[in-house]
Amino acid sequence: MASVTYRNVTKRWGDVTAVKNLNIDIPDGEFLVFVGPSGCGKSTSLRMLAGLEEISEGEILIGDRVVNNVAPKDRDIAMVFQSYALYPHMTVYDNMAFGLRLRRTPKHVIDERVREVASSLGIEQLLDRRPRQLSGGQRQRVAVGRAIVREPAVFLLDEPLSNLDAKLRVEARSFITKLHQRLGTTFIYVTHDQTEAMTMAERIAVLRAGELQQIDTPSNLYDHPGNIFVAGFIGSPSMNFFDNALLSEEGGKLFIDTSVYKLEVPPARYDLYRPYIGKRVVFGIRPEDIHHPEFPPPGIVPSNSEATVDVVELMGNEKIVYLEKAGKTVLARMDPRSDVHVGQTTGVVFNMANMHLFDPETERALQ
C-alpha cells in the first residue's frame, strides 16, 4: 500500500494542455474518484500515474518515490480499463495468472493467489472459460481479479463500469466499494458519472478542462460547491440557476429577486450576504429543495411562490416536476403524493436553508 502525490503536474500535446498544474495528495488506503465531463483530463491524470503517458511538467510520487521515469511495470500499480483488456485466447485462470508469471512467481504461489481471489469474487467456477464465454459483469470481475492477484500498492480503475447495463452497474459499484474496504489499498477511480463518484468515493476530485475545480468529500461537494461548475455537475437532476438575480434589502430583511421569483433569504445568511446587497448574483437551488406546499419536509426554511406545471415525470418514489413561470423552467423533486397535473398552477415551496449564491464574474460561491 502507498500514498500518491501529484505535484504541479501538467500534460501537454503540442498547443493543447490536457492537465494543468494538478496538485493532489492521496493518503495511503484512500478511495479517490476523478470525475468530470469528457475531455476534462481525468483519464490522462490516471494514465500519467500508470506511466502510460509522459509528464510534461511536475512530479508524481508513489509513496516517497518519484516515478516520472520509472517503467510502468516497476511502479507497483495495477490498472483496470473500460474495455477490460482480457486476452481472448487465454482462460480466466491464465488471464489472472499472466502478470504473476511475467514476474516469475512460483507456480504454487500463483495457483494459491488465483484461486483465493477467484473465490472471493465469486468466479471460481469460471476459471476454465475464455472471455467470449463470459457476460459483461463476469468479465469485469475477471479484470478486477487480475489486478488483485498482483497485490499492488495502488489500484487504478479507468471507467470500468461503462460497458455494463444499469442493474449490473449498481451491483458492481457495491462490489468495488466492498473490495476496497476489505483490501484497504489505495484506489484511484475515473468516471464521468457523478452518481458513481458520489456513491463510491471517500473524496472526489472534480476536473474541468484540465484544471482541478474542487476536491472534497461527496457530502461537502454537494452541500458546499466551490463554484458554479461543481454545483451544476454534482447532483442529479442538476441544480437550477438564475443568472441575473438581485440581492436586496427591505424592512430589515434580505431578498433574492430573480425577476421570476422573489424569495426571502434566511436570517442566518444575512451577515454573509449583506456586502452583496444591490449587486447581481447567480442564485442556485437544487430540485430536491423545491417542494409541493402540502408535503414540505420538516425543518426547512420556506419561501412560498407559485408556478405552472409543464411536465410531470413519476419515478415511483418521487415526481420530477418541470415548473414554468415567465419563460423560466425549473425542476423540482416532489413527494410522489403531490397532486400536480400538466397545465395546472400550483404553489411551490423553496427551502432557502439550502440556497446557493455565486459571483457572476468569478463563478465562485459566496460562502
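Where a number appears in this text, it was derived from the coordinates with a stated rule and is not lab data. The structure presented is a predicted model; accordingly, all values stated were derived computationally and were not measured. Positions of Cβ are backbone-derived with ideal geometry, glycine not excepted, and every protein chain shown enters the neighbour counts.
With a cut-off of 8 Å between alpha carbons and a minimum separation of six or more residues, what is the relative contact order of the chain in percent?
Normalised by residue count, the contact order of the chain is 15 percent.
Taking each pair of different alpha-carbon atoms in the range 4-233 once, compute 1/r for the pair, average those values, and report the inverse of that mean as the Kirkwood hydrodynamic radius in Å to one decimal.
Hydrodynamic radius (Kirkwood, Cα pairs) of the range 4-233 is 18.2 Å.
What net charge do the residues around Gln82 carry, taking every other residue with its C-beta under 11 Å from that of Gln82, with Lys and Arg at +1 and Asp and Glu at -1?
Around Gln82, the surrounding residues sum to -2.
How high is the relative contact order of the range 240-358, in percent, counting Cα pairs under 8 Å that sit 6 or more residues apart?
29
I'd like the antiparallel share, as a percent to the nearest 5, of DSSP beta bridges with both residues in the chain.
If I count the DSSP bridges inside the chain, around 75 percent turn out antiparallel.
Under 1.5 on a/c is rounded, so check that first for the range 243-367, then, if it is not, pick prolate when a/b is larger than b/c and oblate when it is not; a ≥ b ≥ c are the square roots of the alpha carbon gyration tensor eigenvalues.
Values: a/c = 2.07, a/b = 1.80, b/c = 1.15.
Cα axes put the range 243-367 in the prolate bin.
Using mean Cβ contacts within 10 Å as the protection proxy, how do 141-153, 348-360, 121-133 order, highest first?
Peptide ranking by packing, descending: 141-153, 348-360, 121-133.
Arrange the peptides 288-296, 263-271 so that the one whose residues have, on average, the most other Cβ atoms within 10 Å appears first.
Per-residue mean Cβ counts within 10 Å order the peptides as 288-296, 263-271.
Can you check how the C-alpha radius of gyration of the range 1-122 compares to 2.2 N^0.38 Å, as a plain ratio?
Scaled against compact globular proteins, the figure is 1.24.
Once you have all Cα-Cα distances for the range 168-302, histogram them in 5 Å bins from zero and send the whole-percent values.
2, 8, 15, 16, 17, 14, 11, 7, 6, 4, 1, 0
Report the net charge of residues surrounding Pro106, where surrounding means a beta-carbon distance below 12 angstrom and charges are Lys +1, Arg +1, Asp -1, Glu -1.
+3
At 222 nm, what value in deg cm²/dmol follows for the chain if DSSP H runs of at least 4 each add -39500 (n - 2.57) and the sum is divided by all its residues, to the nearest 500?
Details: 9 runs with 89 residues, N = 367.
After summing the helix terms and dividing by the residues of the chain, the value is -7000 deg cm²/dmol.
Quick one: net charge around Thr5, please, counting Lys, Arg +1 and Asp, Glu -1 for every other residue with C-beta under 13 Å from its C-beta.
Taking every other residue near Thr5 into account, the sum is -3.
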